[in-house]
Structures are given as C-alpha cells and as structure tokens.
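To start, the structure itself, in structure tokens.
Nothing in this text is a laboratory measurement; each read-out follows from the coordinates by a stated rule. Because the structure is predicted, anything quoted here is derived from the model rather than measured. Neighbour counts are summed over all protein chains in view; Cβ atoms, including those assigned to glycine, are modelled from backbone coordinates with ideal geometry.
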Amino acid sequence: MRSVSAIIIIISFSYLTACRPASKITSKDNSSAKATKKSTRKEPKFINEIEVTPGNTVTSKHKTATSKNQNNSDSSANSADAVAKANIERADWLQLKYAVMMDASVEKVSNVSLLQKLEEWWGTKYCMGGNTKNCIDCSAFTQNILGDVYHVKLPRTAQEQYAMSDKIATEDLKEGDLVFFHTSGKKSKLISHVGVYIINNRFANASTSGGVTISDLNDPYWKNRFTAAGRVIH
C-alpha cells in the first residue's frame, strides 16, 4: 500500500509541474522579448551639436533657432525687394515724364541718375552768380550736373567751360555734351550761356526766363544764338 501511495504522489507532482498555467509562460516569454527589443532600440547620438539617429534623417538640435533666423532673413529680403520696387516705379515715372517732355521714346531716356538730378533742380530760378537751390546761373548748373552725374569737374564760367571742351559737330552731340550760346548781342564773341545736351535736340539749362528747364536747339531764340557744341566726357 505504501508503494502505491508513493506512486500516486509522484504522478500527481509530475502532473502539477507539467501543467502550469499557460498565461504565466506567455507573460514570461513576452517580458523576455520586450527586454530584447529594448536593448536593440536605436538611441540618438549627438555629434557637434547635430542629432543623429541611426537609420533616420539627420536633424539639427537648433531647428527652431534656424527657422527663426530664416524668417528674419526672408523678412529682410522682402523689405529690400519692396524698396527696390518703389525705386523702379519712381525711375519709370521719371523716364516717362522726361520722355514726353523731350518727344523721345522711354527706352532712349535711360540715364535715371541724370533724370533724378534734373528733377532735383527743376524750376530753380536763375540769378547771376547763384549756385544754390534758391537760385543758380547757367554755368553753375552745368558744373553741378557734370560733376554729380558724370564725375567731370568743370571750371566755373561758361567761357572757361567753352575753352576746355573739345568742339564737335551738332550732328555728333550725345548726352552730357555742352552747348554754348552768345546771348549778349550779335557783335559779342563771348560765350554767355551754356547748357547740357540730353537727347533729340533738347538740352537742360538755367535760363533767365524760366529757371532750370529743358529747351530746344531748334527754337528760333536758341538757334540764332547757338555758337558751338563741346565735349568734356571722354
């Protein structure tokens, strides 16, 4: 009887050992799998402030700062573009204005610096010996225009400007050349008036009647008093 009881106890123990709950086995196996997966997960590393995760795209730690700098750069660029656009629109307006005044195509009135300088002096009244925006005489006007626009230094008087210029034929006149007149009477040989040639027989000058304006070489008054054309821009 003792042998039978011993056998029964051994069988029962074996059964209990072999038939442990499946849930416990599964739980233990899952824990092992998670531990393995966790140990093999790719951890990000930083090299010279750059985040590098193996297998992933390289990204910057300072992405926010970079984006902010980019926004500031874009804002500055937009402001510069707006200023440039405004300057272009003003230049186009000046070209149109002076093209109409000189009966020329807009494309041929292309020296914006000259147009801006003419606009700056436009309408300034004439006075002998003047050289300010309050009043100016003809040779001071040409001296200012040639100096500011073409960087050519002229002497002070019309006679001196005539003496230093190379004489050219009227058909060879180009923008920036000088045109000389005697306005003190037909018998006088002194050059008493000077202007800056622009285009299409038009020249800018400080006249006694209209101040700084644009005149026409074909106008009878100027045609009868024209003496010579001179070039100082080489």
May I have the convex hull volume per residue, in Å³, for the Cα set of segment 123-234? 96 Å³
Exposure proxy check on TYR221, TYR98, TYR162, TYR150: fewest-to-most Cβ neighbours within 10 Å is TYR221, TYR150, TYR162, TYR98
Set LYS97/LYS117; LYS133/LYS167; LYS167/LYS189; LYS108/LYS174; LYS108/LYS153; LYS153/LYS189, cut-off 19 Å on Cα-Cα distance; pairs above it are LYS133/LYS167; LYS108/LYS153; LYS153/LYS189
In a shell of Cβ-Cβ distance under 12 Å around ILE214, excluding ILE214 itself, what net charge do Lys and Arg (+1) and Asp and Glu (-1) give? -2
May I ask for the net charge around VAL232, where only other residues with Cβ less than 15 Å from the Cβ of VAL232 are counted and Lys, Arg are +1 while Asp, Glu are -1? -1
Along Cα→Cβ, 7 Å out, is where each label goes; now give me the distance between the ones at SER105 and GLU119 in nm to one decimal. 2.3 nm
